[in-house]
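Here's the structure, in structure tokens; my notes come after.
The values are calculated or read from the model by the stated rules, or taken from the named source; none is laboratory data. From a predicted model like this one, the values you see are computed outputs, not experimental measurements. Because the Cβ atoms are built from the backbone with ideal geometry, glycine has one as well, and the counts that use them run over all protein chains shown.
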Amino acid sequence: MEEYSTILHEAEAEFTERRSRFIGRAKPITTEEEARKFIQSVRAMHREATHNVYAYVLREGQTRHCSDDGEPQGTAGVPTLNVLLKSGVTDMAVVVTRYFGGILLGAGGLIRAYSHGASIALQAAEPVRMGACLQESLFCDYSQYGKVLQTITECGGSVDMTGFGEHVALNFHVPCEKANVFRAALADATCGNCSAKLLAKKFYRIL
């Protein structure tokens, strides 16, 4: 199955290390422009912060980017990026903000702190698996509605929208690898009276 890992929503988490305050904030993104806007928004929220270290990864072009934002080279941006890469997530950005508390942490302390900031932000944003599905639609008689729903569910699909008029209208999605099985099962369940129309291919959360 074609799939990938990302995060469910924007979130933040924070901790204090030797009087320095670290705030990790993560957000789902799909383009570098979205990543830049997110980073700028966090910087605007924390104008008084000492550093706003960031990293992001994208499926498109296998893009990876990070910045130490003034911290000693290799002690902030790379450790933050490594958290994302080791977790396998993509299409996300994270910014770890630091308010300096007056005590130097040293290179090892900075690496641990920024890694932890990225990690807790990632967990707060809830990592999820996304799988490739086919969006489809169909019309069926009310007498066939129950069988159609059962067929969609048994093939690993979910209904996205239902309309009730002269006929029942369904918009739904099924995993790409189950598409042929679903079409055959749908034909059997409705005695060939119902067929689905392909709308698009899209990634959905795998539960």
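A few remarks follow.
- Looking at the stretch 1-50, none of the strands (runs of 3 or more DSSP E) lying wholly inside it contains 1 or more residues that are over 28 Å from Gly101 (Cβ atoms), at pLDDT 95 or above and in contact with a Cys (Cβ under 7 Å, 6 or more places away or on another chain).
- Sole residue being touching a Lys or Arg at 6+ places or on another chain (Cβ under 7 Å), surrounded by 13 or more Cβ atoms within 10 Å (Cβ to Cβ), outside the structural domain of Asp91 (by TED's automatic domain parsing) and farther than 30 Å from Ile7 by Cβ, chosen from Ala196, Ala169: Ala196
- Glu71 vs. criteria part of a loop (DSSP other than H, G, I, E, B), of a type in the set (Asp, Glu) and at negative phi: yes
- Cβ-Cβ under 6 Å pairs, at least 6 apart or on other chains, the stretch 55-77 side in the same structural domain as Ser115 (by TED's automatic domain parsing), far side exposed (fewer than 13 other Cβ atoms within 10 Å of the Cβ) and polar (S, T, N, Q): none
Yes or no, residue by residue, for (1) at pLDDT 95 or above; (2) under 16 Å from the mean Cα position of the chain (by Cα); (3) surrounded by fewer than 19 Cβ atoms within 10 Å (Cβ to Cβ):
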position	(1), (2), (3)
Met92	yes, yes, no
Thr97	yes, no, no
Ile103	no, no, yes
Leu110	yes, no, no
Ala118	yes, yes, no
Ala121	yes, yes, no
Asp141	no, no, yes
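- Residue in the stretch 8-22 that is in contact (Cβ under 8 Å) with a residue 24 or more places away in the chain, surrounded by fewer than 16 Cβ atoms within 10 Å (Cβ to Cβ) and over 28 Å from Gly109 (Cβ atoms) present: yes
- Residue in the stretch 123-139 that is in a helix (DSSP H, G or I) and closer than 30 Å to His51 by Cβ present: yes
- Residue among Val174, Val181 that is more than 26 Å from the chain's Cα centre (by Cα), under 21 Å from Glu3 (Cβ atoms) and in contact (Cβ under 8 Å) with a residue 24 or more places away in the chain: Val181
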